[in-house]
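A.B. asks: The structure under discussion is supplied below as structure tokens; questions concerning it will follow.
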Amino acid sequence: MYLVRTVDFADLPALERLAQQAGIGITNFPANRERLNDKIASSRRSLQTDVIQPGDESYLFVLVDTSKDEIVGCCGIDAIVGNDAPFYSYRIDEVVHASPQLQIHNRIPALFLCHDYSGTSRLIALVVDKAHQNATAMALLSKARLLFIARYPERFTKRLFVELRGESDKHGYSAFWDALGKHFFSMDFQKADYLSAISNKHFIADLMPRYPIYVPTLPEAAQDAIGVIHEKSSQSADILLEEGFEFRGYVDIFDAGPTIEARTENLNTIANQKSGKALTLTEISKGAMHIVSAGHLESFRVTAAPAEPQAAGLGLEQATQERLAVSPGHRIQWATL
Amino acid sequence: MYLVRTVDFADLPALERLAQQAGIGITNFPANRERLNDKIASSRRSLQTDVIQPGDESYLFVLVDTSKDEIVGCCGIDAIVGNDAPFYSYRIDEVVHASPQLQIHNRIPALFLCHDYSGTSRLIALVVDKAHQNATAMALLSKARLLFIARYPERFTKRLFVELRGESDKHGYSAFWDALGKHFFSMDFQKADYLSAISNKHFIADLMPRYPIYVPTLPEAAQDAIGVIHEKSSQSADILLEEGFEFRGYVDIFDAGPTIEARTENLNTIANQKSGKALTLTEISKGAMHIVSAGHLESFRVTAAPAEPQAAGLGLEQATQERLAVSPGHRIQWATL
Amino acid sequence: MMVIRPINQNDLKSLYRLAEKTGIGFTSLVANEATLQKKINGAVRSFCKENVSSPTDEDYLMVLEDTTTGDIVGTCGILATVGLEEPFYSYHLGTITHASRELGVHNAVPTLILNNDFTGFSEICTLFLEENYRHSKNGQLLSKARFMFMAQFPERFTEKVFAEMRGVSDENGVSPLWESLGRHFFSIDFVQADELTSQGNKQFIAELMPNNPVYVNLLPKEARDVLGQVHTNTAPARRLLEQEGFRYENYVDIFDGGPSLEARVQDIRAVRDSRLCLANIGQPKGAGEGSYYLVSNAKVTDFRCILIQSSIPPDTAMTLTQEEADNLCIKTEDSIRIVELSSNS
Amino acid sequence: MMVIRPINQNDLKSLYRLAEKTGIGFTSLVANEATLQKKINGAVRSFCKENVSSPTDEDYLMVLEDTTTGDIVGTCGILATVGLEEPFYSYHLGTITHASRELGVHNAVPTLILNNDFTGFSEICTLFLEENYRHSKNGQLLSKARFMFMAQFPERFTEKVFAEMRGVSDENGVSPLWESLGRHFFSIDFVQADELTSQGNKQFIAELMPNNPVYVNLLPKEARDVLGQVHTNTAPARRLLEQEGFRYENYVDIFDGGPSLEARVQDIRAVRDSRLCLANIGQPKGAGEGSYYLVSNAKVTDFRCILIQSSIPPDTAMTLTQEEADNLCIKTEDSIRIVELSSNS
């Protein structure tokens, strides 16, 4: 069975292994021990902080295969991006050029560098070990974050966004990068991607094109990659799109992967989550699959299990109660999976 | 009492008189006999046309003081603007310029020339004779249009906008024009305003600045005028804002008067309008003030009168029934005033 | 003898015949009688103005006449100002630097910026010489006669003048720059765009062309390579202007990327080095050998310019044959202007 | 005698004393020992390079020494290239035309366009002469000695060079252009912005300055009026460069609107007209009267330049006094370079 819990320093080796597996294009999760250690430290510190409004906190969660007590996935949330250095995206806007006399009316899509997502909470780095990329584990890990947000709304902004990984081949070649970023950064995609994860992002402002890029003037392969999700991320993307995330015309400046966003309150899991008491499941009904969370901040943990909503709370199997370390009467939070 | 009805050719002299009163800054309603005649013709033609989706129709309504059978006001709707030549506005957008190193984070508002309202229905030219600028007449005239839109939704777009007249003094001097438009048009505000009403609008594309104008670089008087409603239009503006129109950061390119917009379905009058049978008011209750419409297209007419909603329809006084030329049992449409 | 003179009302047929030979892309001389007649009218009017204190809308179109046959075999022109009726567009090839000291990256990115910087400037244009006359320095005479006129009447031109040079396109008229850039914005083809422009109809450029700078490094290599480059056929004309002191200052044509060359009038070799002297009529010594000289009269309406070969450098006076004097429309003691045809001839 | 020579390690104190006298706005010479020492190190390194095939990061700082007192009384410099470490920004004053034939309206609107067009160019800079030495053509010697160096070593510089001229500001250092434009974007004051820039810290310009062209016609008149204008104190320096062939080509400083003047090295009068001849040592005839001549040696590390007055135009050889030869670090038969101090002296 799976359990999601907040990260601890002891998880570092496991995270490093996961990061290496994840590979290029997941800029929020670099395979750099020092940076990972920083991320764990930041998560610990954030959970120990009293927060009135979102600031520079970040939260990291791990997915544990409880049968072997092994870490097989991780994900996170940044309370706010763009606080220290602006958070850059391309906004795809149509520029209209019309000549009534020639009866020409052109709508030309163009990429505008912007920092419209600065000041917004971001879901980051959903990474799951290949052997565990099943529907339950993926959905549990993805939605566990949303339960956390529902539980601590004061820690996040009302709008949430996620960057989905864009198209690149197994060697890390991105047609979009090749046509655009490469000319301005004088480095390959892997390096830019890595730098963007480990350094402050001033270099982006320094090097990025300041004027809009007219899409039709790019090579076709690059045009075709705009807003396209990397094959490997399609499963996690589907989960988020079903939750209610939407594409609003923003893409990543490196690989043109789509950015999707939502108002927190409109996400299914958040809108439909309930809280109440942990109860024991009557033996007859097994109940539908739910995600269930318990614990406060550092001890926050989430699992997926059959459960049955009852008037006073949610009926859980004995094993689930143990996994969550709750007894009947303890306060829990849940949503259907 | 007042009645709003569709315009007729016989109304031309009255319209001309109103237009002269209205003065500068109401570009949709120029004091030019030929153009006014065209507008009447267009309205007649539009009402006689079978419409499946909005096109180049325009509708003009007049406010009649029934006690003297005199025309004392007028207003209109354009089914779509920007069909022949783009419809220009300034969009106020903030440009962010930040230097983390110097700890400077500037958000600088700038005016971007755009045609974001091209392809949208527009309410135009609410003009009422001074002697009749009372709350009832103003509200009736303004909302009569909305009842028309509710009745014939296929003739309009789902989004509606109105341009509110911007600040200028009694000599037609506009600080905003003086600081900006004058330099590009080489003519005074009155002339540009007039030309924009009577000619095709190509000259705007030809002469307007193509690059954004940074607001802080304009003289203060011009900055102060951005988005400010002309004193004389504040009454009609209030009616629209109460209806649910909102300012979304668009202003007029000549005088920087605000443009306000709404989704049709969200406007009070449209959301709350009902239709049913005309009934006779029981003598005891006088009923609350309503606007009530009757008739089809060319014979569409609206009045304001006390009325009482009943199960089967709306109870009207005898005088109101006569004004609307309906008898009990006829189909009518209404909303509270 | 080959003589440069202002065009006149009798030249319409000849001009039409020439226009037919210019081919695609030579938009200032299109084989259309009405257009050409209008052009002649404009030129005649311009050469007739005796007093001009500053340049306005004059269009000085001259022709090269072979006096032995009476044929018109070439044209050259000067527009006193461009861009005052319809906007005159160019791209300025500028530089935007993107540098990150942190990463040790420094990129100087070339950009194309749409502008009307030549507004109000004089332009030399409409240079065309019939193919079978492309010998005996006729090309140089045709091109440089204009500088003699400018030297004599500097008040009729702006301090700086420029020339647009035809850019690179292949044998089918396909321009690499247009294919990578203009095409995406115009929805019409290069030839049509070029024609509209030459007819003075340029509103569509403002309407359809992107306002923002275009990053040159994002253009395909074949488009980048033609910026500021001339068509093979235009290379000799470019060299000739450069020898006279014209310089490419990073302005290129918005359609094909051909360079604009510019010079201050007073810095043009033929203007700077030319001088007035007195004409004698008689038997010139040393004629037919030695250096070539451009010789023009000092008249507006009856402007003439010819080429004379002489082994004796002219001093404060110069002896001409009666035929030369006649072709220059001058008498003994009249002022003439002379300069060596080229600095290294 | 007044001698131009490369700065050396013993000049720090004198340079510091000079820097104290330059005043606000002279950002290339700030009275800070560490900065000045760094500048000297750079100059010494540059003059020591014997073989340079193309310009890179050399900084040729020279001083004017009064040999009678041993005092350093002025400085002048040449940067081999600018903008390759940190971006070099200017505004280009361009034109955008807005015309409506329908209405008969035609507006040529001037615009300021941010650019890095001077990236990689050589710049002449750091010209300062102590007040009580502003006589006896010392200013001209100081400014033009650089052209003698460039004439001798053109491979060390780019084809085009430029100079930034101080723009207009009042006695309190208030710049009308800054007040109307820069101030709105920088949230710091002019002096601070100017200092950051002079320290080579220019990232903030990219971060804070608007990317879009600025319409000049929307600026207040006092700001428009200073575009391309120099500070009263700088007017003589501008005139001097213009007489040498430098031209204002519509590039101005982004802060105060002062003009950049530019020239092709080979077109600078002192470069074009200077020539090498042989030095004789003896008793010059006609000395102390007639025209002034710039005379320099042909050495890099030991570069020297002085002023000599002579009523006899030098030919293929020139006779110098022993003192002159010593100050030029030359012996009999060494090559020297000479040119008239100015075209109309």
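The values are calculated or read from the model by the stated rules, or taken from the named source; none is laboratory data. A quick note: this is a predicted structure, and the numbers were derived from the prediction, not measured. Cβ placement follows ideal geometry from the backbone for every residue including glycine, while neighbour counts extend to all protein chains displayed. For the accessible areas, the whole protein counts, side chains as well, though only heavy atoms, and no ligand, DNA or RNA atoms are used. Shrake-Rupley method; radii C 1.70, N 1.55, O 1.52, S 1.80 Å.
A.B. asks: Sorted from shortest, what are the nm distances separating the label point of B:Met289 from equivalent points in the other copies, each placed 7 Å from Cα along Cα to C-beta?
C.D. replies: Sorted ascending, the copy-to-copy spacings read 6.1 nm.
A.B. asks: Quick one: pull the percent of accessible area on chain D belonging to carbon and sulfur, 1.4 Å probe, ligands and nucleic acids left out.
C.D. replies: Working: 6440 of 13820 Å².
C and S fraction of accessible area: 47 percent.
A.B. asks: With only alpha-carbon atoms in the gyration tensor, what are the semi-axes of the equivalent ellipsoid for segment D:246-306, in Å, largest first?
C.D. replies: The equivalent ellipsoid of segment D:246-306 has semi-axes of 35, 14, 12 Å.
A.B. asks: How would segment B:45-132 be classified by its alpha-carbon gyration tensor: rounded, prolate or oblate, with rounded meaning a/c under 1.5 and the a/b versus b/c comparison settling the rest?
C.D. replies: On the way: a/c = 5.77, a/b = 2.06, b/c = 2.80.
In terms of gyration-tensor shape, oblate.
A.B. asks: Over segment A:37-151, calculate the relative contact order: mean separation of alpha carbon pairs under 8 Å at least 6 apart, over the residue count, as a percent.
C.D. replies: Working: 175 pairs, mean separation 28.5, N = 115.
In percent, rounded to a whole number, it is 25.
A.B. asks: 222 nm [θ] for chain A, helices only, -39500 (n - 2.57) per DSSP H run of 4+, per residue, to 500? Intermediate values should be presented prior to the final figure.
C.D. replies: Values: 11 runs with 98 residues, N = 337.
Value at 222 nm, helices only, nearest 500: -8000 deg cm²/dmol.
A.B. asks: Any idea what the relative contact order of chain B is, in percent, if you count C-alpha pairs under 8 Å spaced at least 6 apart?
C.D. replies: Working: 713 pairs, mean separation 62.8, N = 337.
It rounds to 19 percent for chain B.
A.B. asks: A further question follows. Kirkwood Rh, Cα Rg: Rg to Rh for the protein assembly as shown? Show your work: numbers first, answer last.
C.D. replies: Working: Rg = 39.3 Å, Rh = 37.5 Å.
That ratio is 1.05, to two decimals.
A.B. asks: Okay, moving on. At what distance in angstrom do the alpha carbon centres of segment A:209-268 and segment D:213-255 lie from each other?
C.D. replies: 47 Å
A.B. asks: Which whole number in µm²/s is D for chain A by Stokes-Einstein, with the Kirkwood Rh taken over Cα pairs at 25 °C and 0.890 mPa s?
C.D. replies: Approximately 117 µm²/s, per Stokes-Einstein.
A.B. asks: Give the separation of the Cα centroids, segment C:85-141 to segment D:36-105, in Å.
C.D. replies: 26 Å
A.B. asks: Could you give me the radius of gyration and the Dmax of segment B:187-273, taking only the C-alpha atoms into account and expressing both in angstrom?
C.D. replies: In Å, with Rg to one decimal and Dmax whole: 15.8, 47.
A.B. asks: Please build a GNM for chain C, connecting alpha carbons under 10 Å apart, and tell me which residue among C:Val214, C:Val44, C:Val105 fluctuates the most.
C.D. replies: Of C:Val214, C:Val44, C:Val105, the Gaussian network model singles out C:Val105 as fluctuating most.
A.B. asks: Report, by chain and number, residues whose modeled amide H sits under 5 Å from the one on C:Leu84, excluding near sequence neighbours (fewer than 5 apart, same chain).
C.D. replies: The list, which skips near neighbours in sequence, is C:Gly120.
A.B. asks: Using Cα pairs under 8 angstrom and six or more residues apart, how large is the relative contact order of chain D, in percent? Each step should come with its number before you reach the end.
C.D. replies: Values: 719 pairs, mean separation 61.6, N = 345.
Contact order relative to length: 18 percent.
A.B. asks: Taking the Cα centre of the protein assembly as shown as origin, sum charge times position over the Cβ atoms of Lys and Arg (+1) and Asp and Glu (-1), and report the length of that vector in debye to the nearest 20. Let's see the in-between values first.
C.D. replies: Numbers: 130 positive and 174 negative charges, 308 e Å.
I would put it at about 1480 debye.
A.B. asks: Over the Cα atoms of segment D:46-195, each weighted equally, I'd like the Debye log10 I(q)/I(0) at q = 0.09, 0.12, 0.13 Å⁻¹, rounded to two decimals.
C.D. replies: Once normalised to I(0) and log-transformed, intensities are -0.45, -0.74, -0.83.
A.B. asks: In chain C, which residue puts its Cβ closest to the axis that turns chain C onto chain D, and how many whole Å away is it?
C.D. replies: C:Ile113, 3
A.B. asks: Which percentage, to the nearest 5, of the DSSP beta bridges contained in segment D:175-330 is antiparallel? Don't skip to the end; give the middle numbers.
C.D. replies: On the way: 10 of 14 bridges.
Bridges in segment D:175-330 are about 70 percent antiparallel.
A.B. asks: Report, ordered by chain and residue number, the lysines lying within cross-link reach of A:Lys130, taken as a straight Cα distance under 20 Å and ignoring same-chain residues fewer than 8 apart.
C.D. replies: A:Lys68, A:Lys143, A:Lys170, A:Lys232
A.B. asks: Can you pull a Stokes-Einstein diffusion coefficient for segment A:144-225 at 4 °C (1.567 mPa s), Rh from Kirkwood over Cα pairs, as a whole number of µm²/s? Mind dumping the intermediate values first?
C.D. replies: Details: Rh = 15.4 Å.
The calculation lands on 84 µm²/s.
A.B. asks: One decimal, nm, shortest first: give the distances between the label point of A:Arg35 and those of the same position in the other copies, each label point 7 Å from Cα along Cα→Cβ.
C.D. replies: Sorted ascending, the copy-to-copy spacings read 6.1 nm.
A.B. asks: Spelling out what I want: for every residue of segment C:69-75, take phi, set θ = phi - 60°, compute 6.51 cos²θ - 1.76 cosθ + 1.60 (Karplus), and round to whole Hz; glycine and proline get x.
C.D. replies: Karplus-based 3J(HN,Hα) across segment C:69-75 equals 10, x, 7, 8, 10, x, 9 Hz.
A.B. asks: With +1 assigned to the C-beta of every Lys and Arg and -1 to the C-beta of every Asp and Glu, and no other charges, what is the dipole magnitude of chain C about the Cα centre in debye, to the nearest 20? Numbers along the way, then the final one.
C.D. replies: Working: 32 positive and 46 negative charges, 107 e Å.
Using Cβ point charges on Lys, Arg, Asp and Glu, chain C gives about 520 debye.
A.B. asks: Let me ask something else. Please give every one of the aspartates and glutamates within straight-line cross-link reach of C:Lys39, meaning a C-alpha to C-alpha distance under 13 Å, and leave out same-chain neighbours fewer than 8 residues apart.
C.D. replies: C:Asp11, C:Asp57, C:Glu58, C:Asp59
A.B. asks: A further question follows. Measuring from a point 7 Å out along Cα→Cβ, what nm distances, shortest first, does D:Pro236 have to its partners in the other copies?
C.D. replies: 5.4
A.B. asks: Another question, then. Once amide H atoms are placed 1.01 Å from N in the peptide plane, what residues at a sequence separation of 5 or more from A:Val228, or on another chain, have their amide H within under 5 Å of its amide H?
C.D. replies: A:Glu167
A.B. asks: Greater than 28 Å separation of Cα atoms is the criterion. Which listed pairs, C:Lys221/D:Lys202; C:Lys49/C:Lys331; B:Lys191/C:Lys202; C:Lys137/C:Lys221, meet it? Intermediate values should be presented prior to the final figure.
C.D. replies: Working: C:Lys221/D:Lys202 31 Å; C:Lys49/C:Lys331 23 Å; B:Lys191/C:Lys202 25 Å; C:Lys137/C:Lys221 37 Å.
Distance filter (> 28 Å) returns C:Lys221/D:Lys202; C:Lys137/C:Lys221.
A.B. asks: Rank D:Ile312, D:Ile40, D:Ile205 by mean-square fluctuation in a GNM of chain D with C-alpha springs under 10 angstrom and give only the top-ranked residue.
C.D. replies: Top of the fluctuation ranking is D:Ile312.
A.B. asks: For peptide B:43-55, how many partner chain Cβ atoms fall within 10 Å of a residue's Cβ, on average?
C.D. replies: Values: counts 0, 0, 0, 0, 0, 0, 0, 0, 0, 0, 0, 0, 0.
Taking all residues of B:43-55 together, the mean is 0.
A.B. asks: Please work out whether segment B:224-270 counts as rounded, prolate or oblate from its C-alpha gyration tensor, where a ≥ b ≥ c are the square roots of the eigenvalues and a/c under 1.5 means rounded, while otherwise a/b larger than b/c means prolate and anything else oblate? Before the final figure, lay out the partial values.
C.D. replies: Working: a/c = 3.18, a/b = 1.64, b/c = 1.93.
It comes out oblate by the Cα gyration axes.
A.B. asks: Using Cα springs under 10 Å in a Gaussian network model of chain D, which residue among D:Met209, D:Met148, D:Met318 shows the largest mean-square fluctuation?
C.D. replies: Top of the fluctuation ranking is D:Met209.
A.B. asks: In Å, what Kirkwood hydrodynamic radius results for chain D from the alpha-carbon pair distances?
C.D. replies: 21.4 Å
A.B. asks: Provide, for q = 0.20 Å⁻¹, the log10 of I(q)/I(0) from a solvent-free Debye sum over equal Cα point scatterers in segment B:273-325.
C.D. replies: Each listed q maps to, in turn, -0.63.
A.B. asks: What aspartates and glutamates could a cross-link reach from D:Lys13, if we take a straight Cα to Cα line under 14 Å and drop same-chain neighbours fewer than 8 places away?
C.D. replies: D:Glu33, D:Glu65, D:Asp71
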